[in-house]
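Chemist: Questions regarding the structure given below will be posed in turn.
Rule-based calculations on the coordinates, nothing more; no lab input. What you are looking at is a predicted structure, and each value in this text was computed from that prediction instead of being measured. Neighbour counts are summed over all protein chains in view; Cβ atoms, including those assigned to glycine, are modelled from backbone coordinates with ideal geometry.
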Amino acid sequence: MSWFGVAPFKKFPAPVLRPMAPFFAAGLVIAYGINAAQNSMMAGDEWKNDPRNKKAASAAAAAH
């Protein structure tokens, strides 16, 4: 396919996903760690009864 005589989408066999795989895996590990830390902090004494806590709001709504 050419566009004004220029082929914009040439095949370029450069590896993209394989060299980036460790960074994707590290991102998943970091995301899991942040999620676990946030869940444990929201279950703590300081935030247990806070109205901004979604788990406390759903528990209060289920109780009524």
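Chemist: Provide the FRET efficiency to the nearest 0.05 for the A37-F12 pair, computing r from the beta carbons and using R0 = 30 Å.
Modeler: For A37 and F12, the calculated efficiency is 0.15.
Chemist: Spelling out what I want: for every residue of the stretch 33-40, take phi, set θ = phi - 60°, compute 6.51 cos²θ - 1.76 cosθ + 1.60 (Karplus), and round to whole Hz; glycine and proline get x.
Modeler: With the stated coefficients, the stretch 33-40 comes to x, 5, 5, 5, 5, 5, 5, 5 Hz.
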